[in-house]
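Accompanying notes for the structure given below.
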Amino acid sequence: MSTTISHDPGAHRFSTEVDGSRAQLDYTLADGVMTITHTRVPPAIGGRGIAAQLMEAALGAARAAGWSVNPACSYAKAYLEKHPQGAKDAQATDKQHIDDLLDEALDESFPASDSPAVGGSS
């Protein structure tokens, strides 16, 4: 079962509504780290994989933004233990972003130039 997940970046929340009940995942964001602080799925819609879909949406957003993920809530920790690739993908994106920034900084510090002629006259 797939549900539509909404992301409210201002509220730091992913949510969905199923059969009149609202499920959500809350997070904080600081220094490029998404800390997943809370997942809530009401009992009326539990057992349908909705929390996992919220996690997938959060990890996808972290990947796209280049954030690393800190699973502070127990469900997020358990999910990432069962699906370590999700955290690795977010970390790999973060590492690639850092590598790109370092390459850019090096290019600015040491711009490519023609090497001077050795032993020649100008």
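Details
- Measuring nothing but how far apart in sequence close Cα pairs (under 8 Å, 6+ apart) lie, relative to its length, region 1-77 scores a relative contact order of 28 percent.
- Each other residue within a Cβ distance under 12 Å of residue 23 adds +1 if Lys or Arg and -1 if Asp or Glu, for a net charge of +1.
- Residues whose amide H falls under 5 Å from that of residue 18, counting only those 5 or more places apart or on a different chain, are 23, with hydrogens built in the peptide plane.
- Residues 82, 77 ordered from highest to lowest accessible area at a 1.4 Å probe: 82, 77.
- Highest mean packing first, where packing is the average number of other Cβ atoms within 10 Å per residue, the peptides 14-24, 53-63 line up as 53-63, 14-24.
- Computed on region 16-60, with alpha-carbon pairs under 8 angstrom and 6+ residues apart, the relative contact order is 34 percent.
- Rg(Cα) / (2.2 N^0.38 Å) computed for region 15-90, rounded to two decimals: 1.06
The values are calculated or read from the model by the stated rules, or taken from the named source; none is laboratory data. Just so you know, these numbers come straight off a predicted model, no measurement behind them. Using ideal geometry, Cβ is built from the backbone for each residue, glycine included, and neighbour counts are taken over all protein chains shown. Each accessible area value is taken on the protein alone, full model and side chains, heavy atoms only, with ligands, DNA and RNA left out. Shrake-Rupley method; radii C 1.70, N 1.55, O 1.52, S 1.80 Å.
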